[in-house]
Amino acid sequence: MSENDIFEMDSVSDTGELEGDTELGMIDEEVVYPEEFLPTYHSIKEGTRITKTQLAEFNNKPDSLFFNDGVRRIDFILVYEDEDKKDYEKRHTFQRRKRRREYFEASLMKMGVELEATQSVIDEKLMFVKVHMPWEVLCTYAEVLHIKLPIQPNDLSSRPSPWRYFSCITKHFYPNEELISKETEYFTAPFEKDRLDYFYIKDKDVFFTPSMRSRMAYYILSRAPYEIRGNIKKFGITKLLDGGVYKAAYPLHDCRFNVRSTEEGCPNERFLLYEEWAHPKSFYKMQPLDLIRKYYGEKIGIYFAWLGFYTIMLTMAAAVGLGCFIYGYKTQETSTWSKEVCDPEIGGNIVMCPQCDRFCNYWRLNTTCESSKKLCIFDNYGTLVFAVFMSIWVTLFLEFWKRYQAELEYEWDTVEFLEQEEPPRPEYEAKCIYERKNPVTGVKEKVPYTACGRCVRVSIGMGTVLFWILLILASIVAIIVYRLAVFFAFSKKLRNQDLKQLEPLKEYVTPQMATAVTASLISFVVIMILNILYERVAIWITDFELPRTKTDYENSLTLKMFLFQFVNYYSSCFYIAFAKGKAVSYPGQPVYLLGKYRNEECDPGGCLFELTTQLAIIMGGKAIWNNIQEVLLPWVKNLIFRYCTRVASEKVIPRWEQDYQLQPVSKLGLFYEYLEMVIQFGFVTLFVASFPLAPVLALVNNLFEIRVDAWKITTQFRRVMPEKAQHIGAWQPILQGIAILAVATNAMIIAFTSDMIPRLVYYWSFSVYPYGDHSNNTMEGYIDSSLSIFNTSDFSKSSVPATESGLITTCRYRDFRYPPGHPRQYEHNVYYWHVVAAKMAFIIVVEHIVYLTKFILSYMIPDVPYAVKEQIKREKYLTQVILHETNLKLVTKRLKPFGEESVNDTEVKLAMEELELDF
């Protein structure tokens, strides 16, 4: 090798610009570093020498995951823009950023991290900093983070699958085993450097997986200082990204998603995930959860495990709901109630009272014929059975998920994750200026606020949350006022018998239906707009509260966002289900909202169909909007970015620069994915009595959601930062709360929103109290008995119709009141009180039966399977044995200095007994 074939990696021009691929560490003369950083600076400034031949070979490997030497693996990438190539006017800001960056990189090297920089192929202003974690550093931080690693292969035989007899069929629904082979199971223990010999290490290069290496690298990046001013120490890559010092920081994908890498030793896990998981052709296959967890980390893995389990459980609910819907659809024509409404001799002769003051006209009951038939699809006895079934289903779902989650916790080594000390967030550590005594350790520690300061922060946060919830409720009131105002206009137009242009649709378009559809659309738009505001407010409040750990931060933000979303999405549904039409009095003395708007009334069959319409619009619109946000926007952004930064075909784009062209991962990660699914879970469970097709829609949406999310994170986004997670976090108690609330809401919907209880009272009352002409066990005459009579001469001056016809002396309205001329005219009759008593009895009985069943199921189904408990005990035993052997060797070493002859059998035996007592 000649001297001409060797050149210095570090070369600084007279202007201070970096030339070529550079090993970081050069610092500006104006920057003053602490003395402990100077040795690191000088050692790096000497540079690394490589041959031009080696560099040429490297440039022909665009998917290389190593430094220029081809030996050191890239564990993280930092991207910044070279300030020396910027305009002179902004040079001061750029110099400050440069000083911070150089200090930060010097800190990283002082902590043992190795760095290497290279210039962008596309944009000469961009610099990519490669981060490598040496073996000693990996061992140190693996112990700090309590990472569990293999100690020996799992010797417990797993129970055979009950589906093994159908393997010739089921194998087609699982990932190709030739591509994604089943991994060997190991017993694991928290890593300790001093006991390295007891861990199952075949090859140091692959002992720590890429996701582990990236997690440890990010831990260091989050705690390396970049500036010290007096006693104030500023640190963390997050602040540098927010301040523009770095443009991006991310771990590398191991290859292109659609092309297998030819690099030696590359596992091609991204390619395998795309082929067997994210590709549309694999939509029918089960998810390769172990590979997802290995590549993206436990947090991503547990999300997709939960989503897949939820989707599988939905198949049973969807099948029963679809059967209930088909039953209602088949019986809509034969329902006695709908027949009487549509019968010209019955419904055609019933004149209904105007539903608004002055401008509304009288109308015939048979004009609601089509909506009455549609109502029978959802308001039937099958709905009652389905509501009870869903209350049991949600319990089974949560209990079986706990068992499945326990299995994943063991397989993925997260059983004791939360028992370990989770490190504080860098944002928390940066503001620790007060001292307090730790009540557990008794040691003084730094905290960012006093007890009084914490109370102030929490109080301000709670006040802000309450204010925004009231703002949501104000928007709902505004929509209610819109409904009242617009209903009058629709009633005036659509009840006009001379309106020829709507003649083909007059049977289907009623004032209630037109108002419900337009109000639902407006409500959906308002929900989407407010969501954007709530997100920023919730993040600001949580940042202001300054939670200590990342888990605390996520739990606090989760609770706030769900509370916002719960009120935002469900408040309009609660209004229709439990408030609309419940306080309208009777035509001669209506109830007014704000003293001006007359309260809305439901159709003669109730408000159930309107609630169904509201749910269908919000669920459908939300699914479409989310897919646009999650799929279309990232794809379009990446397309535009590639077009704007396209390069000549002869230039080879390295792996780190290919990933930089992808979309950055959101700071909140999976938060929005969980939130979307939990809100959907609420629609499926809370209001399922009004919409049996909700599980069907949710199932179809989730089948797409799994593959869309998989395609999105595999092809359109940079690699997600791998994180540990034991379970789904704060979403678990939220799901349990929804499950408990769902029993009450569904029972109340059947009792107060649907017309089922009055029909049952009428149906079974022939032997106790025959209402009207009802003298046999049928539903004949129910319509007449469910509508009260009003004398048109009793209208008040403000509510009398402007187009009143003298031929109409009485009209009917939905209520159970005594007729005019009765000593207690317009007061509630006995039938009303019987119905109220039946509704209350129904709610109490159904709730107690369902809650008792839920309690029994929860007690009978253990949260952790027996086989998993055995494996956990076995693993703990092996860990104790290893600790025992290690401690025994330490005792032997301590005794040896006294001479071999002094170490008698009695002393060794006593030492062993002492160790055994410890266990």
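What ranking do 366-372, 858-864, 808-814 get when scored by the average of other Cβ atoms within 10 Å per residue, highest first?
Working: 366-372: 21.9, 858-864: 12.7, 808-814: 16.9.
So the order, starting with the most tightly packed, is 366-372, 808-814, 858-864.
Taking 0.36 nm per intervening residue step and subtracting the Cα-Cα distance, what contour gain separates ARG436 from LYS285 on full extension?
Working: separation 151, 0.36 × 151 = 54.36 nm, distance 5.43 nm.
Here the segment from ARG436 to LYS285 would lengthen by 48.9 nm.
What is the magnitude of the charge dipole of region 790-872 about its Cα centre, with +1 placed on the Cβ of each Lys and Arg, -1 on the Cβ of each Asp and Glu, and no other charges, expressed in debye to the nearest 20? Can you show the working numbers first?
Working: 8 positive and 7 negative charges, 39 e Å.
Around 180 debye, computed over region 790-872.
Determine, from the Cβ-Cβ distance of VAL631 and ARG536 and an R0 of 35 Å, the FRET efficiency 1/(1 + (r/R0)^6), rounded to the nearest 0.05. Working shown, then result.
Working: r = 23 Å, r/R0 = 0.67.
Taking R0 as 35 Å, the efficiency between VAL631 and ARG536 is 0.90.
For TYR219, TYR866, what's the largest-to-smallest order of accessible area, 1.4 Å probe?
Numbers: TYR219 45, TYR866 160 Å².
Of TYR219, TYR866, the descending order of accessible area is TYR866, TYR219.
Please report, as a whole percent, how much of the solvent-accessible surface of region 785-834 comes from carbon and sulfur atoms (probe radius 1.4 Å). Write out the running numbers ahead of the final one.
Values: 1500 of 2740 Å².
Roughly 55 percent of what the probe reaches on region 785-834 is carbon or sulfur.
If we count every other residue with Cβ under 10 angstrom of SER120's Cβ, Lys/Arg +1 and Asp/Glu -1, where does the sum land? Can you show the working numbers first?
Details: positive: LYS125; negative: GLU81, ASP82, ASP123, GLU124, GLU657.
That sum, taken over residues with Cβ under 10 Å, equals -4.
Throw me the Rg/Rh for region 176-313, computed over C-alpha atoms with Kirkwood Rh, two decimals.
On the way: Rg = 19.1 Å, Rh = 18.3 Å.
Taking Rg over the Kirkwood Rh, I get 1.04.
Accessible area per residue of region 612-743 at 1.4 Å probe, in Å²? Could the numbers behind the result be given before it?
Details: 4810 Å² over 132 residues.
Value returned for region 612-743: 36 Å² of accessible area per residue.
Taking the solvent-accessible surface of protein heavy atoms with a 1.4 Å probe, what is the per residue accessible area of region 798-866 in Å²?
On the way: 4240 Å² over 69 residues.
With the other protein chains kept in place, region 798-866 gives 61 Å² per residue.
At 1.4 Å probe size, with the rest of the protein present, what percent of the exposed accessible area of region 368-407 is carbon and sulfur atoms?
Numbers: 800 of 1110 Å².
So the carbon and sulfur contribution to the accessible surface is 72 percent.
Using a 1.4 Å probe on the protein heavy atoms, what percent of the accessible area of region 553-597 belongs to carbon and sulfur?
Numbers: 1110 of 1750 Å².
About 63 percent, which is the carbon plus sulfur part of the accessible surface.
Considering all projection directions equally, how large on average is the shadow of the alpha-carbon convex hull of region 302-368, in square nanometres?
Values: hull surface 32.8 nm².
So the Cα hull casts an average projection of 8.2 nm².
Any of LYS193/LYS233; LYS130/LYS550; LYS125/LYS239; LYS285/LYS854 with alpha carbons more than 28 Å apart? Name them for me.
Where the Cα-Cα span goes over 28 Å, the pairs concerned are LYS193/LYS233; LYS285/LYS854.
The values are calculated or read from the model by the stated rules, or taken from the named source; none is laboratory data. Since the structure is predicted, the reported quantities are computational estimates derived from the model, not experimental observations. Note that we place each Cβ from the backbone using ideal geometry, even for glycine, and neighbour counts take in every protein chain shown. Just so you know, the surface numbers come from the protein's heavy atoms only, side chains and all, with ligands and any DNA or RNA stripped out. Shrake-Rupley method; radii C 1.70, N 1.55, O 1.52, S 1.80 Å.
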